[in-house]
Amino acid sequence: MRPTRVRDTGRRRKRTDRRLGEWGGWMSSSGGAGAVYDAYLAALVAGDRRRCWRLIESVVASGASLEVVHQDMIQKALYEVGDRWERNELGVAEEHLASHISEWIMGLLLPHYSPTERIGRLAVISCAQGERHAIGPRMVADAMEVRGWDAIFLGADLPIGDLVRLTRVRRPDLVGVSITTRAQVPAGRELAREFAREFPDTPLVFGGQASAELRAQSADRVHVCRTLGDLAGLLDEVERT
Ligand code: B12
């Protein structure tokens, strides 16, 4: 059963949301946000997950929002790991370890931010069929939890038919699907067609690094929000209805 919708008190919107570079007092006492990021990246590449967590904890303690920790630390470091992997400066083992540490940290991080009040909205967040990059959509699901939504996160590579079946059963207010690699764009298009036919009133949102390639114009309720920031306006709209 769906939870009853509760009005937003505005409390969670007041959460401090300073970018890393703006943390005045903390910066002067610790050598700066850039230094913490550099130390985090070095620990991530070295596979030192405890040091990674201590650094993230210091950022949390300084009042950064979940969005800042996600994007300015975890995401930024993973993009750098990807670039180094592409240049053959890091191997697949280091990249796998960096992914694992990032996921472990995200699990520790969420309880520091989850609001107690729920707003009675349900989202289903998944990777497209064939898509194995699951950290980005997990960030989306976690961010929605912090916003007060209930977010069901389904992880990597979900077959189209299974997402359709779950949507039929759970009747979410929004479905978000992540596409990082171009090879998965056709699966995204097929999913959009299925949704247009079966769930014309359920917003279907595509995001992720290759989502802009998806020209999902088959239905008015299909959206492409490349980043989490792009999604905020749509969530405001869904929450008003
Ligand atoms: C870790 C990683 C992997 C891991 C993933 C493990 C895991 N548990 O997720 C594994 C080993 C599985 C992997 C495999 C591959 N990878 Co890889 N991988 C990466 C790496 C280093 C990090 C990915 C990541 O987590 N990024 C951090 C997250 C937080 O960022 P994000 O995904 O962009 O998410 C943000 C936004 O995009 C957005 N968003 C994401 N999803 C959604 C959804 C919605 C609804 C919304 C609104 C927003 C949204 O919000 C998120 C938060 O801000 C990237 C480098 C990179 N640039 O990302 C390469 C990268 C993505 N991989 C790449 C490649 C080539 C591959 C492989 C093809 C390699 C191979 N030959 O096997 C396979 C493909 C597998 C597949 N079928 O999907 C390339 C992709 C190039 C391209 N343009 O296609 C990259 C860019 C590396 C590079 N520099 O070349 N990879």
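Values in this text are rule-based calculations from the coordinates and carry no lab data. The structure presented is a predicted model; accordingly, all values stated were derived computationally and were not measured. Positions of Cβ are generated from backbone atoms using ideal geometry, with glycine treated the same way; all protein chains shown enter the neighbour counts.
Numerical summary
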quantity	calculated
Separation in nanometres of the label points that stand 7 Å from Cα toward Cβ, at ALA212 and ARG170	2.9
Gain on full stretching of the segment that runs from ALA61 to ASP201 - 0.36 nm per residue minus C-alpha separation	46.3 nm
Nearest-20 debye value, segment 69-189 charge dipole, Cβ charges on Lys, Arg, Asp, Glu	620
Difference of contour (0.36 nm per residue) and Cα-Cα distance, TRP85 to ARG240	51.5 nm
Fraction of the pair-distance distribution of segment 74-214 above 18 Å, Cα-Cα pairs, percent	58
Inter-label distance, nm, simple model (7 Å from Cα along the C-beta direction), SER114/ASP162	2.3
Inter-label distance, nm, simple model (7 Å from Cα along the C-beta direction), ALA183/ASP38	3.7
Spatial separation of Cα centroids for segment 148-211 and segment 72-91, in angstrom	27
